[in-house]
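Beneath this line is the structure, given in structure tokens, with notes to follow.
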Amino acid sequence: GWKMENVLDEEIKVIKSTVGPEDHVICALSGGVDSTVAATLVHKAIGERLHCIFVDNGLLRYKEQERVMATFKKDLHLPVTCVDATEQFLSKLKGVEDPEVKRKIIGKEFICIFDAFAHDLEKKLGKKPAYLVQGTLYPDVIESCPPPGTGRSHSHTIKSHHNVGGLPKDMKLKLIEPLKLLFKDEVRQLGKILDVPEGFLKRHPFPGPGLAVRVLGDVTKDSALDILRQVDEIFIQSIKDAGLYDTIWQAFAVFLPVRSVGVQGDQRTHSHVVALRAVTSQDGMTADWYQFDHKFLDHVSRKICNSVRGVNRVVLDITSKPPSTIEWE
Ligand code: XMP
């Protein structure tokens, strides 16, 4: 079999021989396992000629920016510029309800910011960066360009994954995709050898368009993002406390664009509904809904309604993939 140590040595050799001794490399960190492992690998091969950017698009989870920046800097010593672009993203998303349009807008804004980063770097270095690192995995490759005759082409144009493709124009950046033959579990093994903290490697995957695909409809309405962040944090924290986090592939909350009637204290309320989703999976291509025990669900539901203002109903998603996708949009 192939050992991860060999894969690591091989990858570093390939990166060193591909990237010239004067070449600079850029990388966008999403805060996920894939881009972090890819960047750490490249950093190990070429050191400070790697330049990373982390964009806070305002669609991230609770305290996400602080948490990931701490890992990048304190644990991994990665050279990272953090850009807070919340206003830029949210103003472009105002009033937009169509999931694919949301994805396109987010993808386009991201390219804009990344482009500016690359050009600033060019000014600073007096030359263009030559390469771009992407944490593309094997499943991303086959989901985006399904091999002909696999019958997957239709189902997988359903969602456009914005992290594949879309490079800054006029930069002529060449791609480095050190993970493109690996599955998620292999990336985690590789990260472990690279000393990426265990807790970080076990993080659930998170979609590039972020909470925009978990707030159904207009993401800028009704402080939906704030509510969703609080609900999601309670759900995830409860899952961790129950020792279930590592068994689950992905767990998250979804903000629904409906209100329902409730009674809290002696008040009639007309508030928001949130859905909880948790699935097990090998690679995200198929998934089974996770069967929590009822006591756990009862605890989470009470905690959410008691501590998140504006939520009076919690529902559970009991669909697998297929027929559903993991995300709701
Ligand atoms: P679906 O919802 O298609 O998701 O069953 C499969 C896996 O992909 C993630 N996902 C995305 N990741 N950009 C990403 O980087 C995207 O646009 C995107 N859409 C879905 C999803 O969270 C799940 O892990």
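None of the figures in this text is laboratory data; all of them are computed from the coordinates on show. This structure is a prediction, so every number in the text was calculated from the model and none was measured. Cβ atoms come from the backbone with ideal geometry, glycine included; neighbour counts cover every protein chain shown.
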> Over the alpha carbons of segment 39-86, what is the largest minus smallest coordinate on each principal axis, giving the biggest first in Å?
Replying inline: 32, 19, 12
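I need the calculated FRET efficiency for the pair VAL315 and LYS73, taking r as the beta carbon distance and R₀ as 45 Å, to the nearest 0.05.
Calculated transfer efficiency: 0.70.
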>> Using a 7 Å offset from the Cα along the Cα-to-Cβ direction at both LYS221 and LYS180, what is the distance between the two label points in nm, to one decimal?
In response: 4.1
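So if the hydrodynamic radius of segment 1-106 is defined as the Kirkwood radius over C-alpha pairs, what does Stokes-Einstein give as its diffusion coefficient at 10 °C and 1.306 mPa s, in µm² per second?
Rounded, D is 101 µm²/s.
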> Which Rg and Dmax, in Å, describe the Cα atoms of segment 270-315?
Replying inline: 13.1, 39
> Out of every Cα pair in the chain, what percent are spaced more than 24 Å from each other?
Replying inline: 58
> Working out 0.36 nm times the residue gap between LYS202 and CYS112, then minus their Cα-Cα distance, what length gain in nm do you get to one decimal?
Replying inline: 29.3 nm
>> Report the Cα-based extents of segment 214-316 along its three principal axes, largest first, to the nearest Å.
In response: 43, 31, 18
> If one takes the longest principal axis of the Cα atoms in the chain, at what angle in degrees, from 0 to 90 and to the nearest 10, does the Cα axis of helix 184-193 lie?
Replying inline: 60
